[in-house]
Each structure stands twice: as structure tokens, then as C-alpha cells.
There are 2 protein chains.
Amino acid sequence: MSKIKTALIQQSYHGSKINTIDKTVSMIEEASSNGVQLVVLQELHQNEYFCQSENTDYFDYANNYLEDIKFWANIAKLNKIVLVTSLFEKRAAGLYHNTAFVFEKDGSIAGKYRKMHIPDDPGFYEKFYFTPGDIGFEPISTSVGKLGVLICWDQWYPEAARLICLKGAQVLIYPTAIGWFDEDSKDEKQRQIDSWITIQRSHAIANGVPLISVNRVGFEKDNSNVLDGIRFWGNSFVCDAQGDITIQANNIDESILYSEINYTNSENIRRIWPFLRDRRIENYSGLTKRFID
Amino acid sequence: MSKIKTALIQQSYHGSKINTIDKTVSMIEEASSNGVQLVVLQELHQNEYFCQSENTDYFDYANNYLEDIKFWANIAKLNKIVLVTSLFEKRAAGLYHNTAFVFEKDGSIAGKYRKMHIPDDPGFYEKFYFTPGDIGFEPISTSVGKLGVLICWDQWYPEAARLICLKGAQVLIYPTAIGWFDEDSKDEKQRQIDSWITIQRSHAIANGVPLISVNRVGFEKDNSNVLDGIRFWGNSFVCDAQGDITIQANNIDESILYSEINYTNSENIRRIWPFLRDRRIENYSGLTKRFID
């Protein structure tokens with residue numbers, strides 16, 4: 001299999017879980033009717049981005065995660081797609097993860113990835129909710145290839161992309177939820193989104209694989225009223241194994257982005273830009289240090 | 001010291017070592033007269049890019065490297081600048097390195113970096129000439145800060161940038177020599193230069209440091225007549241700790257780029273985008289593997 005018909009679903013929060021899921025499902029059905037084999041959803045797509053504040057009530061969102069898994073498994077099966085979801089996993093009382101479940105076309109679980117790098121900054125209080133992942137950077141084998149699923153804050157870490165590609169990932173996939181604060185200047189906003197796009201493209205380049213990034217869109221109020229809220233900047237995109245952006249959403253609209261992921265291109269690119277050949281692994285042990293002082 | 005007045009010297013080869021050096025020195029003098037504290041030259045700036053073919057005669061270029069060191073040390077002293085050079089180091093018969101020597105304002109050697117990642121592809125036969133560096137990724141302490149000097153092919157490796165920054169580099173500096181083959185399509189050329197700029201910007205972003213990249217410019221024939229030659233694409237640039245490009249040369253002209261490197265900005269950026277805080281070092285040991293199969 002050398003080319004994968006893929007859809008990215010960039011979405012807003014629709015005021016409730018049920019309304020949001022209804023919209024997601026209708027978009028998946030539309031994508032499926034257009035013949036896609038792989039659908040990628042954004043980070044924590046069932047709910048509002050609740051990490052804007054630290055509130056123990058939000059842990060309730062994970063109470064039904066086993067039902068959530070069954071629900072999305074069935075959606076994958078009904079639409080005959082490989083489906084990358086992003087759920088709030090309750091593993092035990094007081095032990096939760098930000099977890100991407102990947103479902104096969106037959107509704108079985110292909111695998112899961114627990115977000116490894118957890119952010120914490122004003123409006124993004126994820127360290128309160130999510131225990132850092134403990135299953136490492138393992139690609140997920142599916143009928144459409146080995147998927148290198150990572151999540152949001154992971155995208156700032158070249159280590160994560162490299163490790164999952166060294167384990168054979170054929171494509172990098174980032175469900176994400178990132179946005180602007182309205183009070184920032186236009187220039188600062190531009191720098192932020194540029195750096196977000198740039199660092200992801202660089203992972204495609206460094207590893208010679210295509211990359212899919214799916215971001216949330218729309219304004220979500222901070223329910224704690226400490227900050228105003230986050231204007232999620234959308235701009236979901238696909239780039240090829242050279243980092244060239246092949247399709248990109250805007251920063252306003254919900255949208256389905258269709259893209260053909262080309263694995264053959266990785267073979268070609270890696271032959272003439274053979275970065276894996278020349279890594280100085282005998283000199284890389286310092287990468288396992290916090291700082292080298 | 002929070003801001004460093006810097007000059008990047010983007011140059012062509014002028015038909016001989018002496019003519020090329022004359023031009024370099026005049027550009028350094030001009031930069032110095034404009035008050036810069038740090039000057040960065042491009043990769044192997046004394047000669048043509050001789051690695052276009054494998055020819056034992058070219059090892060003669062390294063015969064006078066001790067004199068080269070004295071020469072550039074004196075230029076640094078005369079102009080009262082910290083100077084980043086890129087020389088062909090003869091260490092022993094049959095043992096050569098692609099080495100950046102950094103000189104202090106008083107003409108002393110501040111340190112050296114031996115290129116760690118060595119490329120080899122048609123027109124860039126560096127593995128024939130250069131033994132891979134054996135002194136690792138060590139920043140060089142100078143009166144204008146700890147300089148993270150890496151060279152050309154190193155720029156494709158996030159590992160190199162990370163390691164030198166974990167060791168305290170305050171700025172990444174890449175002398176480089178990269179260009180196009182005329183027979184490639186316009187689109188392919190654009191993808192190549194985009195990926196080159198993107199991956200370097202990503203190192204600034206991932207590590208929260210400014211970055212200086214100085215590239216050769218102009219067409220140089222392949223003296224072996226196997227290929228036509230390389231059209232070095234210039235585009236030397238500086239970006240800040242957010243990856244934002246602050247100045248950039250074109251792909252045709254020799255030029256002196258003036259830029260103020262801002263170290264304080266790194267402190268500010270790393271406070272709110274604290275990527276170093278969240279690295280999952282206990283899960284990074286795989287980075288010292290060639291491939292994880």
C-alpha cells in the first residue's frame with residue numbers, strides 16, 4: 001500500500017458532548033462516502049478544551065471512556081475506516097491519561113498512544129489532569145500502515161518524532177488543541193503559529209515521513225473567568241516527507257481536509273537525503289540527560 | 001551581555017584562495033568598522049567547494065592549515081572581533097577534519113568544532129575528505145557568549161542542536177555550503193531551500209535560542225566534469241529564539257548581514273515555552289540506537 005486516502009476533521013466545540021459528537025460523526029460519514037481510508041480527529045474532540053482551568057469536576061468527562069471507546073470503534077466499523085481518536089482515559093481513580101485510541105476498519109482497537117509530554121501554562125493546565133504516558137513512543141500498526149501518533153505538546157519535541165520513526169512509523173500524526181489569546185499582538189500570534197507549523201514540518205523533514213496535524217478551531221471561553229478564553233487557530237495541515245505543505249485549513253472554519261498520504265515518497269526522499277545513515281549515535285547519550293552542566 | 005552585534009559574511013569563490021581571502025578580509029574590515037562584535041564566515045570559506053569530486057590533490061588545501069589558523073587569528077585581533085571560521089584541518093597524514101575554529105578578539109583560539117555529521121551524495125563527497133569529528137557537540141565559550149557552532153550537514157540533525165544547547169550554547173551557528181543543481185525543477189529547488197530554512201528554524205524553536213546560518217553563494221563548476229556544478233543558494237539568515245527570521249540574504253549576491261543577537265529573548269521565551277522542562281529523558285534511550293527494529 002503506497003498511498004492512503006486520508007481526511008483530517010478540524011472542528012469546533014458545539015456546546016455539549018452530544019452535539020459535538022453528532023457533528024464529528026456526520027463529517028466522518030461525509031469523508032467515508034468520499035472513499036477515505038484514514039480519518040484523524042483533533043485532540044480531546046468530544047468536549048470543550050476543559051484544561052483551561054483546574055476543576056475536579058472535569059474528571060467526570062472520563063467516567064464513560066469505556067463507552068467512548070465502544071462508540072468510536074463502532075463508527076470506524078460502520079464507515080470502514082481506520083480512525084484516530086483522542087480521548088480522556090480513566091485508568092484508575094486519580095489516574096488519567098490523554099490518550100489517542102486508533103481503531104481498525106473492523107472496529108477493533110489497533111492500538112493506543114498515551115501523551116508523553118504534558119504541558120502546563122496559563123490556560124493549558126494539563127499537568128493537573130493527565131499523568132504522563134508510560135507506554136513510550138510506539139507506532140501503531142494498522143491496515144493503512146504504521147502510524148506514528150503523538151499528541152499536541154509532543155509536537156515541540158524532535159525526540160518524540162525521531163523515536164517513533166526509528167521504530168518504523170511511516171507517517172507522523174498529531175491531534176492537537178492550540179490557539180491564541182486575543183490580548184496578544186498580531187505579530188506575536190503570527191510568530192506562534194509560524195513556529196507551530198515550522199517545528200512540525202521539521203519532523204517530517206528530519207525523518208523523511210509525511211505528517212498530519214489536526215487542530216481544534218473556534219473560540220472557547222475560560223469557564224473559570226480567570227482568562228478570557230482561547231481562540232483555537234485551526235490551520236490543520238498535511239505536509240509531505242520533504243516538509244512541503246500539501247493542504248492546510250484556515251483559522252476560522254470547521255472543515256474536512258482531504259489528502260493522499262504517499263509512503264513511496266519517503267523511500268525516494270530518504271535515498272537522496274539519507275539523514276538516518278549519518279546519525280552519530282555513539283555521541284548521543286547526552287540526550288537522556290535533563291541538562292549537561 | 002544581552003545583545004551581540006553580529007555580521008554574517010555570505011561570499012562567492014573568487015577563483016583562487018588569495019583572491020577569496022582578500023574579499024573576505026575586506027568584508028570583515030567593513031563589518032568591524034560598523035561596530036560588530038561577532039563575525040561568522042561560511043563553510044570552507046578559503047577555497048572553492050572542492051568536495052564536488054573526489055581528488056587526492058585537494059588534500060593539499062589542508063597543508064597550510066596551521067598558517068591559516070595564524071592568519072585568521074590575526075584578522076580577529078586586528079578587527080577586535082570574535083571570528084567563526086571554517087577550515088580544512090590536517091591532523092595527520094590521511095586524517096583530515098572539516099573544522100570551525102573560533103578566535104577571540106585578542107587573537108587567541110577560543111575553541112574548535114569538528115563537523116560531526118558528514119554527508120556524501122553526488123556533488124558533495126565529503127566522506128572522502130573529512131573524518132567525522134571526535135570532540136562531540138561542545139559549545140565554545142567566548143567573550144560574546146557560549147557559541148553553539150555546528151557545520152552544514154549537522155543542521156539536519158535535531159540531536160546536534162539539542163545536545164549543544166543542553167551544554168549551554170546560547171546561540172546556534174551554522175557555517176554551510178549548500179546549493180542547487182540547475183537541472184532540478186523550480187519546484188524542487190523551492191522545496192529544498194524551504195526544508196533547509198525550516199529545519200534550522202526548528203532548532204531555534206525547540207531550544208529557545210537564536211540561530212545564525214551563513215551559506216556560500218554563486219555557481220561553482222564541477223572540475224571533474226561529471227556534474228555541471230553547484231549553484232550555492234545563499235539565503236544566509238538569522239532567526240530569533242522563536243524561529244522568526246530577522247534578516248535574510250538573497251540567493252545571488254555576496255553580502256554582509258548585520259543582526260543583533262538577543263540573549264535576553266531566550267530567557268523570556270523559555271519561561272513561557274518551557275520545552276526543556278518536559279523532556280521525557282527516561283524514555284529517550286532509543287535515540288542512541290541506529291534503528292529500533
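The values are calculated or read from the model by the stated rules, or taken from the named source; none is laboratory data. Given the structure is predicted, the values throughout are model-derived calculations rather than measurements. Cβ: placed from backbone, ideal geometry, glycine included. Neighbour counts: every protein chain shown. Heavy atoms of the whole protein, side chains included, go into the accessibility calculation; ligands, DNA and RNA do not. Shrake-Rupley method; radii C 1.70, N 1.55, O 1.52, S 1.80 Å.
The single condition from (1) touching a strand residue (DSSP E or B) at 6+ places or on another chain (Cβ under 9 Å); (2) open to solvent by 20 Å² or more (accessible area, probe 1.4 Å); (3) within 7 Å of another protein chain (Cβ to nearest Cβ) that residue B:262 fails is (3). The condition of being surrounded by 18 or more Cβ atoms within 10 Å (Cβ to Cβ), more than 12 Å from chain A (Cβ to nearest Cβ), assigned to a loop (DSSP other than H, G, I, E, B) and of a type outside the set (Lys, Arg) holds for only one of B:214, B:238, B:209, that being B:209. The test for being touching an Asp or Glu at 6+ places or on another chain (Cβ under 6 Å) and either assigned to a loop (DSSP other than H, G, I, E, B) or open to solvent by 40 Å² or more (accessible area, probe 1.4 Å) (or both) holds for residue B:191.
Does at least one position in the range A:6-13 carry a residue that is closer than 24 Å to residue A:180 by Cα, at pLDDT 95 or above and open to solvent by 10 Å² or more (accessible area, probe 1.4 Å)? Spell out how you get there, then give the answer.
Of the range A:6-13, the ones closer than 24 Å to residue A:180 by Cα are A:8-13.
Filter again for at pLDDT 95 or above, leaving A:8-13.
After this cut, where a residue has to be open to solvent by 10 Å² or more (accessible area, probe 1.4 Å) as well, the list is A:12-13.
Checking the range A:6-13: at least one residue is closer than 24 Å to residue A:180 by Cα, at pLDDT 95 or above and open to solvent by 10 Å² or more (accessible area, probe 1.4 Å).
The requirement of being free of Cβ contacts under 8 Å to residues at least 60 places away in the same chain and either among the hydrophobic types (A, V, I, L, M, F, W, C) or open to solvent by less than 10 Å² (accessible area, probe 1.4 Å) (or both) is satisfied by residue A:200. Out of the residues in the range B:20-45 meeting the condition of being more than 15 Å from residue B:130 (Cβ to Cβ) and assigned to a loop (DSSP other than H, G, I, E, B), tell me which one is most open to solvent (accessible area, probe 1.4 Å). Within the range B:20-45, the match that is most open to solvent (accessible area, probe 1.4 Å) is B:34. When each of B:220, B:254, B:267 is tested for being under 22 Å from residue B:24 (Cα atoms), touching a Gly at 6+ places or on another chain (Cβ under 9 Å) and open to solvent by 30 Å² or more (accessible area, probe 1.4 Å), the lone residue that passes is B:254. The residues of the range B:109-150 that are assigned to a loop (DSSP other than H, G, I, E, B), under 17 Å from residue B:90 (Cα atoms), more than 10 Å from chain A (Cβ to nearest Cβ) and among the hydrophobic types (A, V, I, L, M, F, W, C) amount to a single one, B:130.
Return the total of residues in the range B:160-201 being of a type in the set (S, T, N, Q), within 11 Å of chain A (Cβ to nearest Cβ) and closer than 30 Å to residue B:142 by Cβ. Of the residues in the range B:160-201, 2 are of a type in the set (S, T, N, Q), within 11 Å of chain A (Cβ to nearest Cβ) and closer than 30 Å to residue B:142 by Cβ. Look at residue A:73 and say whether it is under 30 Å from residue B:204 (Cα atoms), in contact with a Phe, Trp or Tyr (Cβ under 6 Å, 6 or more places away or on another chain) and among the small types (Gly, Ala, Ser). Criteria not met by residue A:73.
Which of the residues belonging to the range A:114-147 are of a type in the set (A, V, I, L, M, F, W, C), under 18 Å from residue A:160 (Cβ atoms) and surrounded by fewer than 17 Cβ atoms within 10 Å (Cβ to Cβ)?
Selection gives A:135 alone.
A Cβ distance below 6 Å, combined with a sequence gap of six or more or placement on separate chains, defines the contacts here; from the range B:255-275, residues that are assigned to a loop (DSSP other than H, G, I, E, B) reach no residue that is open to solvent by 80 Å² or more (accessible area, probe 1.4 Å). In the range A:272-291 there is no residue that is more than 14 Å from chain B (Cβ to nearest Cβ) and touching a Pro at 6+ places or on another chain (Cβ under 9 Å).
Given the criteria open to solvent by less than 10 Å² (accessible area, probe 1.4 Å), within 13 Å of chain B (Cβ to nearest Cβ) and in a strand (DSSP E or B), does residue A:243 qualify? Give the derivation first.
Details: open to solvent by less than 10 Å² (accessible area, probe 1.4 Å): yes; within 13 Å of chain B (Cβ to nearest Cβ): yes; in a strand (DSSP E or B): no.
So residue A:243 does not fit the description; no.
Going through (1) of a type in the set (A, V, I, L, M); (2) within 14 Å of chain B (Cβ to nearest Cβ); (3) surrounded by fewer than 21 Cβ atoms within 10 Å (Cβ to Cβ) one by one, residue A:226 falls short only on (2).
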